[in-house]
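Some notes on the structure that comes next.
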Amino acid sequence: MKASSPYLQDFTRGIVKENPVFVALLGMCPTLGVTAFIVNGVGMGLAAAAVLIASNLVISLLRNYIPSQVRIPCFIVIIATFVTIIEMVLQAFQPVLYEALGVFVPLIVVNCIILGRAEAFASKRPVLRSLLDGIGMGIGFTLALLILSAVREILGHGTILGPDPESAIHLFGANFEPMALFAQPPGAFIALGLLLAIVNLLFKRFNIK
Amino acid sequence: MEKLLSIIFIYIFVENFVLQRFFGICPFLGVSRKMETAIGMSMAVVFVMTMATLVTWLLYTFVLVPFNLTYLQIVTFILVIASLVQLVEIVLRKISPTLYQGLGIFLPLITTNCAVMAVALLAVRQEFSFLESVVFAIAASIGFSLALIIMAGIRERLELAEMPDVLQGSAVTLITAGILSLAFLGFKGMLTL
Amino acid sequence: MRNIIKLSITLAVVGIISAALLTGVHNVTAPIITERQEEEYRQALEFYFPEVASYESEEIGDDYFDIIYDQSGDMIGVMGTIEQQGYDGTITYNLAMDESGSIVGIRIVSHSETPGIGDVITTEGFQEQFIGKSYEDPIVAGDDVDAVTGATVSSSAMINSVRRVAGVVAENYLGVESVEIDLAEVPDGTYQGSAPGLGGELFIEVEVSGGEIVSIEVTEHSETPTYFVESYPLIPDTIIAEQSLDIDTNTGATVSANAIVEAVENALLVALGHEVEVEEPDEESPVEVNISEVPDGIYEGSAEGFYGPIVVEVEVSDGQIVNISVLQQEETPEYFANANPAIPDCIIEEQSLDVDTQTGGTFSAKGIVQAVLDALTGALDSDSGGEN
């Protein structure tokens with residue numbers, strides 16, 4: 001890429017080159033835990049992205065006022081606050097998604113991506129760059145969850161946009177017997193493992209480093 | 001008594017935290033390369049998980065619920081866990097430097113181990129009593145350790161195996177975890193609470 | 001020192017701002033959350049009972065029930081919210097019944113059954129079979145509803161739970177138990193009644209004279225003998241002594257005791273002209289055939305075993321069964337070995353089909369007996385028809 005601006009780099013970095021899931025292997029618990037359906041996977045991705053963007057923004061704003069000795073507890077409180085807000089908002093406006101994600105909503109607070117970006121990036125960079133970084137990483141995380149949940153839902157249930165029968169689209173007709181394995185825990189590990197192998201292959205082929 | 005024994009069995013095998021519930025995957029993938037570190041991590045997790053659940057349960061039942069502050073649950077729980085990890089680190093360094101040398105490096109990692117937070121949250125959500133919560137935490141952490149140690153044993157051998165380049169590292173580890181998870185799926189339905 | 005104060009203040013400020021912010025958001029969202037939950041609940045009620053005007057909630061045991069009223073204040077139905085242990089965790093579901101006691105709807109609220117297996121309970125096909133059933137129906141797997149093969153635990157749990165809840169609703173809200181038995185109105189006579197016990201249907205005969213129960217006899221039962229002695233003759237004696245069916249059945253064999261009480265109740269209800277489903281004793285076809293009348297020859301007969309047809313060949317000579325051989329069967333080898341050749345030997349030895357089939361392979365054993373019976377009756381039929 002020719003002399004691309006640091007802003008563009010901050011934005012694109014998280015989507016492919018430093019994808020939090022496929023490359024950095026962070027935030028694995030929700031990645032595996034809620035991806036049985038696309039709706040849940042993308043919902044979790046967006047919720048985590050919202051927390052990430054907000055916390056990146058606030059931490060970057062406050063970076064000159066927080067003494068470095070207590071920065072980690074402060075970051076944790078800030079992140080936990082946003083997670084709680086997201087939890088309440090989901091419960092109020094997206095109750096079905098809230099129920100489906102279950103305990104993984106409060107667990108966004110221990111998602112290593114968020115604390116990792118806060119510590120490694122937002123606490124040292126100006127606001128705009130931190131914001132772009134947050135958005136990029138958020139998109140990267142959501143994208144990874146979308147891909148994994150699409151694989152798992154199509155193979156494991158034969159649908160997209162399930163589990164709600166009203167929106168679910170059956171892709172293969174009545175004679176299709178879903179591979180239930182992919183809907184269950186072992187399938188999550190295996191599907192992600194295979195996706196990682198494919199990502200490794202593509203990175204190698206296109207020389208992305 | 002029956003319920004306590006059920007909790008122990010369920011959370012070690014049936015609902016294994018790592019292989020069936022996906023809690024604590026990061027350390028599971030991160031420190032399962034060597035048996036030695038896996039055992040060190042396991043011990044640290046058992047200790048912190050039990051302590052954290054004990055404290056958060058008391059805090060939730062006797063402070064958050066009576067004052068109608070349950071919406072501060074996430075903030076208080078994560079602070080308790082973070083400070084507990086700090087405290088354990090300081091105390092351990094003072095009392096037993098040898099143990100500290102063994103566990104010390106794992107302690108900071110535990111703050112972001114979602115299994116610890118999950119156990120504290122689930123104990124409250126499932127309305128366990130105090131004793132049940134403690135037993136639950138111990139069982140869950142033993143389940144975590146079991147998965148971690150089995151995985152470390154497998155990976156030590158896997159190092160020597162030949163495989164395609166693209167599978168090396170995390171990819172093959174995840175697929176192995178999937179097969180392990182498949183084995184634990186056999187416990188499914190054996191016991192419910 | 002100043003540094004520590006500064007650190008503490010920073011932490012405190014961050015904490016206070018966070019708590020204040022959360023309190024604010026909580027105050028905004030909390031009423032929305034409650035409202036939405038109520039709204040959803042109401043929608044569920046309206047789905048089954050469109051004319052719902054008001055409802056009132058009640059807790060019976062571990063179950064919640066909403067009694068639903070229409071505009072004019074008449075009860076139009078009951079919706080239960082039930083928690084049931086499934087294969088893997090709790091299944092929460094709504095069961096809606098109208099005022100006549102028919103099931104109008106089932107909705108799984110939440111469950112954690114295995115995807116692709118146990119989650120069959122959420123399918124329309126499974127739920128549909130309950131619609132229209134009432135508390136008077138048996139609601140028994142394999143009888144009027146089907147358990148799902150491969151997901152037996154999940155589906156049986158639902159079937160048993162629906163049956164139990166239908167009974168609870170009928171008893172508490174539909175006034176089913178209100179059929180009072182006034183002994184004085186029962187005409188003198190002897191009445192038969194039955195009710196399911198632990199081992200199978202239990203039959204009694206009750207004699208009423210002058211408005212009083214004078215004797216109760218258990219005519220047939222399949223209870224475990226060692227337990228049955230706990231409630232017989234204790235329970236009949238207590239009923240006669242108290243002249244009431246409202247007695248303590250808490251014996252060492254509560255199921256048998258309850259069955260006796262229920263059977264007596266059924267008998268008296270029939271006596272009073274109420275409609276009660278009464279089972280006929282001895283539902284199995286009588287195993288009787290006069291072997292001496294069977295002409296000599298070799299006959300083939302078949303009957304259903306556990307997995308498929310069992311075909312036997314029976315050789316009769318001088319009015320005696322001299323040989324029985326099984327030609328075809330698809331039974332589980334281990335079990336079938338318990339029934340063959342033991343059962344044929346037994347039949348030949350006793351020259352009777354009334355043999356004990358309680359082997360380690362009861363279904364196969366019964367199948368063999370039925371097949372032999374089939375062969376012999378076939379022989380007699382064709383004989384009388386003059387074809388043989």
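Observations on the model:
- Accessible area expressed per residue, chain B, with surrounding protein chains retained (probe 1.4 Å, Å²): 44
- Residues of region B:160-186 whose accessible area, computed with a 1.4 Å probe over protein heavy atoms, drops by at least 20 Å² once all protein chains are present relative to their chain alone are B:Asp165, B:Val166, B:Ser170, B:Ala171, B:Leu174, B:Ile175, B:Gly178, B:Ser181, B:Leu182, B:Leu185.
- For region A:108-178, applying the loop criterion from DSSP together with a ceiling of 12 other beta carbons within 10 Å to the GluC sites (Glu not before Pro) yields A:Glu166.
- Sites B:Lys3 and B:Met43, calculated FRET efficiency, Cβ-Cβ separation with R0 35 Å, nearest 0.05: 0.85
- Computed from Cα atoms, the angle from the helix A:185-205 axis to the main principal axis of chain A rounds to 70 degrees.
- Going from the isolated chain to the complete set of protein chains, region B:25-43 loses at least 10 Å² of heavy-atom accessible area (1.4 Å probe) at B:Ile25, B:Cys26, B:Leu29.
- Model label zone, C:Ile33; criterion: amide N under 11 Å from point 7 Å along Cα-to-beta-carbon; scope region B:56-88: B:69-74
- With the simple spin-label model, which puts each label point 7 Å out from Cα in the Cβ direction, the C:Ser215 to C:Glu128 separation comes to 5.4 nm.
- Solvent exposure of region C:49-173, expressed per residue, is 44 Å² of accessible area, with all protein chains present and a 1.4 angstrom probe.
- In this simple spin-label model, placing a label point 7 Å from the Cα along the Cα-to-Cβ direction at both B:Phe62 and C:Tyr64 gives a separation of 3.1 nm.
- Share of carbon and sulfur in the accessible area of the protein assembly as shown stands at 57%, probe radius 1.4 Å.
- Using a Förster distance of 30 Å, the FRET efficiency for C:Gln85-B:Leu131 (Cβ separation, nearest 0.05): 0.85
- Distance between the modelled labels on C:Val13 and A:Glu166, one decimal in nanometres: 4.9 nm (7 Å Cα→Cβ projection).
- Accessible surface buried upon C-B contact (total; probe 1.4 Å; Å², nearest 100): 800
- Cleavage-rule hits (GluC sites (Glu not before Pro)) in region B:71-141: DSSP loop, at most 13 neighbouring Cβ within 10 angstrom: B:Glu127
- Inter-centroid distance (Cα atoms) of region C:135-177 relative to region A:36-103, Å: 45
- Residues in region A:6-205 average 39 Å² of solvent-accessible surface per residue, probe 1.4 Å, ligands and nucleic acids excluded.
- Within the shell defined by Cβ-Cβ distances under 15 Å, the residues around A:Ala168 carry a net charge of -4, with Lys and Arg each +1 and Asp and Glu each -1.
- Whole-Å distance, taken between Cα centres, linking region B:91-115 and region A:141-168: 40
- Residue pairs exceeding 30 angstrom between C-alpha atoms, taken from A:Lys124/B:Lys34; C:Lys133/C:Lys366; A:Lys17/B:Lys34; A:Lys17/C:Lys6; A:Lys17/A:Lys124: A:Lys124/B:Lys34; C:Lys133/C:Lys366; A:Lys17/C:Lys6.
- Computed from Cα positions, the angle between helix B:130-158 and the longest principal axis of chain B comes to roughly 10 degrees.
- For the chain pair A and C, the interface hides roughly 1800 square angstrom of accessible area in total, found with a 1.4 Å probe.
- Helix-derived mean residue ellipticity, 222 nm - over chain C, DSSP H n ≥ 4, -39500 (n - 2.57), to 500: -12500 deg cm²/dmol
- Sites matching trypsin sites (Lys or Arg not before Pro) across region A:98-191 that sit in DSSP coil, with at most 13 neighbouring C-beta atoms within 10 Å: A:Lys124
The values are calculated or read from the model by the stated rules, or taken from the named source; none is laboratory data. The model shown is predicted, which means the values in this text are computed figures rather than measured ones. Cβ coordinates were reconstructed from backbone atoms using ideal geometry, including for glycine residues, and neighbour counts include every protein chain displayed. With ligands, DNA and RNA removed, areas are computed over all heavy atoms of the protein, side chains included. Shrake-Rupley method; radii C 1.70, N 1.55, O 1.52, S 1.80 Å.
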